[in-house]
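Worksheet for the structure shown next.
The values are calculated or read from the model by the stated rules, or taken from the named source; none is laboratory data. Predicted model, so just to flag it, every value in this text is computed and none were measured. Virtual Cβ from ideal backbone geometry, glycine too; neighbours counted across all protein chains shown.
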Amino acid sequence: MIRGRFAGVLLVACLVMPLAAADWPQWRGPQRDGISRETGLLDVWPQGGPSQIWKTQGLGQGYAALAIAQGKLFTQGQRGDRQFVLALDASTGKKLWETPSGPAFPQDKGDGPRGTPTVDGDRVFALGGEGTLVALNAKTGAVLWSMNVVQKYGGRVPYWGISESPLVDGSNLIVTPGGPGAAIVALDKKTGNLVWKSQSDPAGYSSAITAEVGGIRQIIVFTGDGVVGLRANDGTLLWKYDKVSNRTANIATPIFHDGFVFVSSAYGTGCALLKLTAEGGTVKASEVYFSKEMQNHYSTSVLVDGNAYGFSNKISSSTLTALNVQTGQVEWRDRSVGKGSLTYAEGKLYLLGEGGVVGLAEASPTGYKEKSRFNIPRGELPTWTPPVISGGRLYLREQDNLYCYDIKKR
């Protein structure tokens, strides 16, 4: 039964190299699911929020989220005519290095890079808003190789900018240039040389994940046209599903668990649950349901105990929704912190509204149960960067500013 298979917390088989338990080495964490496995965190925050450990400035313009590994925090920003990748000491917020990457990316919804760096051992990979992909030495920031993947593979930068976070899959690095015959490419992570290329979809704004069904490893990507599953070793198309694509901005990261894929988009579209079945050396995708009840816009839901919690545009653009993924039925909706993004840890939803409201609520299908909230200062642009939890600390980015809070029980 679908119910039994979806019991438990989402697990995605997209690990990079072994890391410390507290590390958050890529977009949406170790498993690309928005879930922290940390324990011993505060159940309730003091009035005014948890204790601030440090605040730093100098990240530059941009919506890039944070990767944390080996005591370093990595992100991207923009200043003047350049985008750059930078590393900070995660304990103190002190800048360790800053490396220029691509030229500036201007956009009316906010300038600068959108993608989160990916840490893989002694290397960091980052993709800029106009398509420049860099591989850097994690310790020094030295450039190992660099290329503009959109230009190289004949793609087109979507209106709001390249927003994906590179995916490491073994020796390969997966990105989506959106070119003819090269919608998705796998590059040798050591050299940047092409391993395979596949499909002709335009680039979306989503980041790829990996999954395995019946012993067949695949790359799952939400492109500008739909969701595709590719054979991981050579890029062969296994399956494709277009119904959930809104043809405007496909942004949310697909969620995979135990042979099922959940994907959602906004602009009046909705969500779908697909069942993946290995058969005859390939994989087929069949629709379990399509529903308009969850319409993720710029943020992705988290899946906990069979329920997806996410911000949906179904009723309005600012509604936190709990959806039973097995049935597609809504458990509850709440205005919460307004439209925003979220991360999960130890039974709680860590919420960041685009107006700078930070909330802590129970991840419960029986109703919205807020435990605490506070505000961070906000400038002219919305706070779209999702919260990150690492080492008993909560990290929140607001463009040039980065806040670090102590959320560990004492």
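Worth a mention:
- Among residues of the stretch 41-58 being assigned to a strand (DSSP E or B) and not hydrophobic (A, V, I, L, M, F, W, C), the one that is surrounded by the most Cβ atoms within 10 Å (Cβ to Cβ) is THR56.
- Scanning the stretch 194-228 for residues that are more than 27 Å from SER301 (Cα to Cα) and in contact with a Phe, Trp or Tyr (Cβ under 9 Å, 6 or more places away or on another chain) yields LEU194, LYS197.
- The conditions of being assigned to a loop (DSSP other than H, G, I, E, B), modelled with pLDDT under 95 and buried (at least 23 other Cβ atoms within 10 Å of the Cβ) are not met by LEU19.
- Residues of the stretch 77-108 that are basic (Lys, Arg) and under 22 Å from ASN148 (Cβ atoms): ARG79, ARG82.
- The residues of the stretch 336-356 include none that are touching a Phe, Trp or Tyr at 6+ places or on another chain (Cβ under 9 Å) and surrounded by fewer than 18 Cβ atoms within 10 Å (Cβ to Cβ).
- Residue in the stretch 59-74 that is assigned to a loop (DSSP other than H, G, I, E, B), under 30 Å from ARG373 (Cβ atoms) and either of a type in the set (Phe, Trp, Tyr) or modelled with pLDDT under 95 (or both) present: yes
- Applying the set (1) under 19 Å from the mean Cα position of the chain (by Cα); (2) more than 14 Å from TYR395 (Cβ to Cβ) to GLU38 leaves exactly one unmet item: (2).
- Residue tally, condition assigned to a loop (DSSP other than H, G, I, E, B) and in contact with a Leu (Cβ under 9 Å, 6 or more places away or on another chain), over the stretch 22-40: 8
- Any hit, the stretch 196-210, residues being more than 26 Å from GLN78 (Cβ to Cβ), in contact (Cβ under 8 Å) with a residue 40 or more places away in the chain and buried (at least 23 other Cβ atoms within 10 Å of the Cβ): yes
- Of all residues making up the stretch 165-181, the number that are touching a Gly at 6+ places or on another chain (Cβ under 7 Å) and either among the aromatic types (Phe, Trp, Tyr) or surrounded by fewer than 24 Cβ atoms within 10 Å (Cβ to Cβ) (or both): 2
- Filtered residues of the stretch 170-184 (kept if among the hydroxyl-bearing types (Ser, Thr, Tyr) and either over 13 Å from ASP234 (Cα atoms) or at pLDDT below 95 (or both)): THR176
- Filtered by the rule that a residue be over 20 Å from SER265 (Cβ atoms) and within 19 Å of the chain's Cα centre (by Cα), the stretch 315-342 gives no residues.
- Selection of the stretch 62-76 for residues being touching a Leu at 6+ places or on another chain (Cβ under 9 Å) and surrounded by fewer than 24 Cβ atoms within 10 Å (Cβ to Cβ) yields GLN70, LYS72.
- Filtering the stretch 120-131 for residues that are buried (at least 24 other Cβ atoms within 10 Å of the Cβ), assigned to a strand (DSSP E or B) and of a type in the set (Val, Ile, Thr) leaves a non-empty set.
- Any strands (runs of 3 or more DSSP E) falling wholly within the stretch 357-410 and containing at least 3 residues that are surrounded by fewer than 19 Cβ atoms within 10 Å (Cβ to Cβ) and in contact (Cβ under 8 Å) with a residue 24 or more places away in the chain: 370-375
- Failed condition for LYS292, given (1) in contact with a Lys or Arg (Cβ under 9 Å, 6 or more places away or on another chain); (2) crowded, with 16+ Cβ neighbours inside 10 Å: (2)
- Selection status of LEU349, part of a strand (DSSP E or B) and in contact with a Ser or Thr (Cβ under 7 Å, 6 or more places away or on another chain): no
- The strands (runs of 3 or more DSSP E) found wholly in the stretch 258-314 and carrying at least 1 residues that are over 20 Å from the mean Cα position of the chain (by Cα) occupy 270-279, 282-291.
- Test set (1) farther than 25 Å from THR191 by Cα; (2) surrounded by fewer than 21 Cβ atoms within 10 Å (Cβ to Cβ); (3) aliphatic (A, V, I, L, M) - ALA142 fails condition number: (1)
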